[in-house]
Structure formats: C-alpha cells, structure tokens
Amino acid sequence: MKVILAAINSKYIHTNISLRYLEKISADLNVETERLEFSINEMKDKILEEILERKPDLVAFSVYIWNFDLVRELSVLIKRVDENIGILYGGPEVTYDSKKHLSIMAGDFIIRGEGELTYVDLLGSLLHGEDLSGVKGLTYREGAEIFLNPDREKMDMRKVPYPYDEGEDLTGKLSYIEASRGCPYQCSYCLSSSERDLRFLPYDEVVLRVDKLLETGTKVVKFIDRTFNIHPDALAIWSYLIGLDTDVTFHFEISPDLITEEHVKLLQTTPVGRIQFEVGIQSTRQDVLVAINRFIGFRQVLSKLRELVKLRNIHNHMDLIAGLPYDTLESFHESFNDVYALKPDMLQLGFLKVIKGTPMERDAEKYGIVYSPFAPYEVLKTSWMSFSDLRSLHHTEEALEKYYNSGRFEAALTYILAEEEDPYRFYKELGAYLQEGCKGRSLGAKEQYQVLLEFSLRYLEESGRAPQRVVLNELLKYDWLSGNKKQFVPEFLHRNYPDNRDLKRQLSKELGMKVHVEIFSMDVLKYLQSGEVVLTDTPVLYDEKNGQIVKNRLISV
C-alpha cells in the first residue's frame, strides 16, 4: 500500500506535527509512506500533480480552518482522476459532526480526535481486508452509507512518538513539541473545552526531544500545550531550557494564575530571547469572562501579569478577543487600555471564531452572535457590537499590528503616547486614517514612517499637546536606522549633517569595521533611558554589518 500524508500549512515556515506522528507510529506496517508538505499559497494544480504523480492508494489530509476548502476541492479532483484512491481526513476541522463532513466531501474516512492509534488500526484493517466496524475513532463511508464507530480512549503520552526524522533539516522552519495533551479550562470558544483528560509527557522524555530538536537547525521551538504551566514539571523544564547553550527560542502558552514566585525567580535568570510567552487575556470585563467560562478575573491575575512584563528578558505576547458575549465597543475599549498599560511586547487583537463543536456554537443564537458560514467562521455582529463596530476594530487592529506589534516604531511611540491616557483612541484614529487617507492599500516601509509622522503631528495638536517636530523627527529617524539599511535615511526625515562621508571613512578605518554615522539633533539615547529631551548634536555609530549601535565610542561633531 502506498500512502501519501499531505499537509497544507498556513505558512511556509510551519511544519505539520500531526502527520509526522502518523508516519512514525505506522513505521512497522507493510506500508510505503511519503509525507508532502505544501503551503496554502501554492497552486491547487501543483499540489494535485505532486500527489497524483506518486500513484498513491491512500491520501491522508490534515484538515484545519485555513485549508478546509482547498482540501475539499482537491479531494473531488483526486477522485475524478482515479476513484480508487482512498482519501482520509483528520484534524480539528472535521472531527466534530464527522458524518456531516463526510457526506459533503469526496473522501472515504475521517479519524476523529487523537489519530495515532486509529490510523494504525485503519491501515491494518485495509491491508488485511478486514471489516472497519471495529476501528475505534473512525467515521467511514461504505457504499451510500456512512458509519460512526465508537470513540477511542485517550492515548498515553509516553506512546506518542518523537515526530521528526533523524537528521531532518528544519533551518528556517518552526518546530513543535507536546509536553501535555488536554486543557484544565473550559473556554466556550475553544475545541479544547471538551478535552479535559490532562496527560503529561515525563520530564526526561521532554528533555530528550528538546535535545533532538536542537540538532535540526530550527530557531523556534513551539510547545503546543494548551496551558504549559499546568505541567507538574514546568519549573524543571524551564530550568533545563534556561541552562542550555543555544540561541533557539522556546514559545509557550501559559496561564498567569498558575505562575508562582518560584517560577518568577527562575525566569529572571533566562537569557534574552530564550523564552517567549503567550497569555490569553481575552477581556478584562468579569461579565464577559464568565460568559465564556473563564472564572478567574483580570483583577485577580493583574499582579501576576505585571510580574511577567517586568521580565524584560522574556518576550510577552498578550491576546484580546473582540465579539465575545456582553462585550460592547466601549467595554472592549476599556480592555484594550487595561492590557496596553501593561506594555506587553505584543498585543494581539483577535476576533471571535465560532468553531464547530464548541459551546460557543451552541450558544451563538442566544447571544445574538452572527458569524460567517465560511472558514474561519469569524463573528460578523453580536447583540452588543454591530458589523460597523467590528470593522472599526479591524482597522484599529491593522494600525496596532503595523506600528506597535512590529516593534519598528518603539522610540517614536514612546514620545507620541507619553502623556496619552487613552491609547485605544490613538490606534483607532490611526486605523481610520490608514483606511480613509491611504484607501486601505498596503504601505511600503518608507510610507509607514511618513504616515506616522504626518498623522502624529496632527493628532498631538488636536489633543492639545504642542508636538516638538524635531523630537518626533529624530526618534523616527532612530527607529528607521534601528530596523532598516543604514545607507540612507528617507528624504522626509530631516538631517542636519546629510554628508558625513569623510567622517564615516575615517571611523571605519579606525575601528576596522564599516560604520554608519548619524548625527542626531537630540540625545536620543538619553531620551530613551530617562525621557529627558536634550536638543544637542549627538553622533551615533552603527555597525553596517548587523545594524547594532557601536557602544562606548565618543566622537565630536
């Protein structure tokens, strides 16, 4: 039997861990398996050709929100070319209401939930021509009928194989690891709300898998646990990762209420860039949180969140969701400002997705939640937010992503929002400006800086603050030079000494390295350290190779 495991990932840098599990756990069967990974941006005809040219007996697709429609279309085309090719689906998008999914798709089988053991049993039955009614966790088509077998018991984590190949090169790719399955919480919008059987991979096995991943060339390892710090060995695992000699970053989703003083003390010793956290806050309103079955309020964990953001050696990413029950535009405005005040490294403004099989889908009508029938099933309006309200938040989110979350405008935003009591208003108006003034078109790097300069001067004047144009100019210039090529500064950013080539050559020769010299009209470094504006010509040297400031080098203009 020839099997193709086909992954259609949302981005090129992603790797599909689910199909790798299937490949590894079925390695002892008399099956020839080949895994193909595509991205959602690849041409459908190309994907179809690559699958069919291998002449498979069975094609297995991993199905998610982002690839459901494409998988459905590919299945029809595969059957048109050769109706004898079996098609198997698995993944969160088809697990719930699997009989209905199979009735509208061209495939033959759906594995529900955890698929490793069901996959092995299915292949064994197909190889030996056995009846499929005994394969737990399987939904299958037989002639015109569709059968739903009993669910399968949850798997022991120790039986889940290490998913990556020996010697596999993951340079430029994200890699993934599971230290646990299940979730202790019951958030009504999440499929994991039904997976309460928490199981953990033992510490020794986690460490062994991390060590193997470090040999792959990956630069980011994502722990895909729903709540990593529920793991009984979370402290020991973090301690091990902190002690490694590596530049790999490890990403975790955590719950702030489970952070202890011991955790914080350990995390203070983390090398910069080693660990990043994602914290789902979703709302700071208690009535909203209760409606989605989150019973630990924002105020209860506020001190823990402050402890986390104090850890400047750790990248903190915090999430809000728009469109939840009882959340109005005004209350979301409140939540935004509450979380923004914490100054996380990233603040992601997401929108409710009404996923099939979740309590939120069941209760959508009760809450007046109207959502798209097409993936990703995003909210269109609720009893508390109109379609226009939500579109306005989309524009706000665009401004937030472009200017705050990109990290490319940090110095300028520090000045612009220094006395701002309502940062939501700033991003809302900036989002409207991008939509109306720029007609919603994509902006190039230079245009983004110019837009922020023009908008902020007007915004500050209208807010009753007399902006110092020279300060904003210099800080935007500093931001530009911190994240872009050093050979030029955009023409709309004023330079007092645009021609310093002789000085640049002299210093490059002295230092034995190519440097860019920028003479600012203010002491930008002092401003960033203390907030004090000192208008004086201040040279700053940049290493042209890596863009870093050459420290401890004083020169006179």
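Applying a threshold of 6 Å to beta carbon distances and a minimum spacing of six or more residues, or different chains, the list of pairs starting in segment 516-545 at a residue that is closer than 19 Å to residue 413 by Cα and touching a residue at least 60 places away in the same chain (Cβ under 8 Å) and ending at one that is open to solvent by 20 Å² or more (accessible area, probe 1.4 Å) and among the hydroxyl-bearing types (Ser, Thr, Tyr) reads 524/478.
Of the conditions (1) hydroxyl-bearing (Ser, Thr, Tyr); (2) at pLDDT 80 or above; (3) touching a strand residue (DSSP E or B) at 6+ places or on another chain (Cβ under 9 Å), residue 497 fails just one. Which one is it? For residue 497, the exception is condition (2). When both residues are 6+ apart or on different chains and their Cβ atoms are under 7 Å apart, which pairs have a first residue that lies in segment 396-418 and is under 17 Å from residue 339 (Cβ atoms), and a second that is crowded, with 21+ Cβ neighbours inside 10 Å and modelled with pLDDT under 95? From segment 396-418, the pairs are 399/434. In summary, residue 486 fulfils each of the numbered conditions (1) more than 35 Å from the chain's Cα centre (by Cα); (2) modelled with pLDDT under 80 with the single exception of condition (1). For first residues located in segment 295-309 and in contact (Cβ under 8 Å) with a residue 60 or more places away in the chain and among the charged types (D, E, K, R), partners that are in a helix (DSSP H, G or I) and buried (at least 17 other Cβ atoms within 10 Å of the Cβ) and lie 6+ apart or on another chain with Cβ distances below 7 Å do not occur.
Taking segment 377-415 as the region of interest, how many residues are part of a loop (DSSP other than H, G, I, E, B) and in contact with a strand residue (DSSP E or B) (Cβ under 9 Å, 6 or more places away or on another chain)?
Total satisfying the criteria: 4.
Once segment 56-74 is narrowed to residues that are surrounded by fewer than 20 Cβ atoms within 10 Å (Cβ to Cβ) and not in a loop (DSSP other than H, G, I, E, B), the residue that is farthest from the chain's Cα centre (by Cα) is 73.
Among what's in segment 190-221 and is touching a Leu at 6+ places or on another chain (Cβ under 6 Å) and either surrounded by 15 or more Cβ atoms within 10 Å (Cβ to Cβ) or of a type in the set (Val, Ile, Thr) (or both), pick the residue that is farthest from residue 358 (Cα to Cα).
216
With respect to the conditions (1) in a strand (DSSP E or B); (2) open to solvent by 20 Å² or more (accessible area, probe 1.4 Å); (3) in contact with a helix residue (DSSP H, G or I) (Cβ under 9 Å, 6 or more places away or on another chain), residue 320 lacks only one, and its number is (2).
Conditions tested, residue by residue: (1) β-branched (Val, Ile, Thr); (2) touching a helix residue (DSSP H, G or I) at 6+ places or on another chain (Cβ under 7 Å); (3) open to solvent by 20 Å² or more (accessible area, probe 1.4 Å).
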position	(1), (2), (3)
272	yes, no, yes
287	no, no, yes
290	yes, no, yes
296	yes, yes, yes
304	no, yes, yes
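Taking into account only those residues within segment 268-317 that are assigned to a strand (DSSP E or B) and hydrophobic (A, V, I, L, M, F, W, C), which is farthest from residue 245 (Cα to Cα)? Top of the filtered list is 281.
Output the number of the condition that residue 103 fails; it satisfies all remaining conditions of (1) of a type in the set (S, T, N, Q); (2) open to solvent by 10 Å² or more (accessible area, probe 1.4 Å); (3) in contact with a helix residue (DSSP H, G or I) (Cβ under 7 Å, 6 or more places away or on another chain). For residue 103, the exception is condition (3). Tell me which of these residue 249 doesn't satisfy, since it passes every other one: (1) among the hydroxyl-bearing types (Ser, Thr, Tyr); (2) more than 21 Å from residue 269 (Cα to Cα); (3) modelled with pLDDT of 95 or more. For residue 249, the exception is condition (2).
Picking from residues in segment 401-458 that are within 23 Å of the chain's Cα centre (by Cα) and aromatic (Phe, Trp, Tyr), the one that is most open to solvent (accessible area, probe 1.4 Å) is 404. The requirement of being under 21 Å from the mean Cα position of the chain (by Cα) and assigned to a strand (DSSP E or B) is fulfilled somewhere in segment 223-246, by at least one residue.
Of all residues in segment 354-373, which are part of a loop (DSSP other than H, G, I, E, B), free of Cβ contacts under 8 Å to residues at least 60 places away in the same chain and under 25 Å from residue 40 (Cβ atoms)? Don't jump to the end; show me each part of the working.
Pass one, segment 354-373, residues part of a loop (DSSP other than H, G, I, E, B): 354-358, 364-369, 372-373.
Okay, now just the ones that are also free of Cβ contacts under 8 Å to residues at least 60 places away in the same chain, so 364-366, 368-369, 372-373.
If the condition is that a residue be part of a loop (DSSP other than H, G, I, E, B), free of Cβ contacts under 8 Å to residues at least 60 places away in the same chain and under 25 Å from residue 40 (Cβ atoms), then 372, 373 are the ones that fit.
Picking from 124, 107, 137, which residue would you name as being over 30 Å from residue 223 (Cβ atoms), at pLDDT 95 or above and within 31 Å of the chain's Cα centre (by Cα)? Lay out the reasoning, then the answer.
On the way: 124 fails: within 31 Å of the chain's Cα centre (by Cα); 137 fails: over 30 Å from residue 223 (Cβ atoms).
Answer to the check: 107.
The values are calculated or read from the model by the stated rules, or taken from the named source; none is laboratory data. Keep in mind it's a predicted model, so treat the numbers as computed, not measured. Note that we place each Cβ from the backbone using ideal geometry, even for glycine, and neighbour counts take in every protein chain shown. All accessible areas refer to the heavy atoms of the entire protein, side chains included, with ligands and DNA or RNA removed. Shrake-Rupley method; radii C 1.70, N 1.55, O 1.52, S 1.80 Å.
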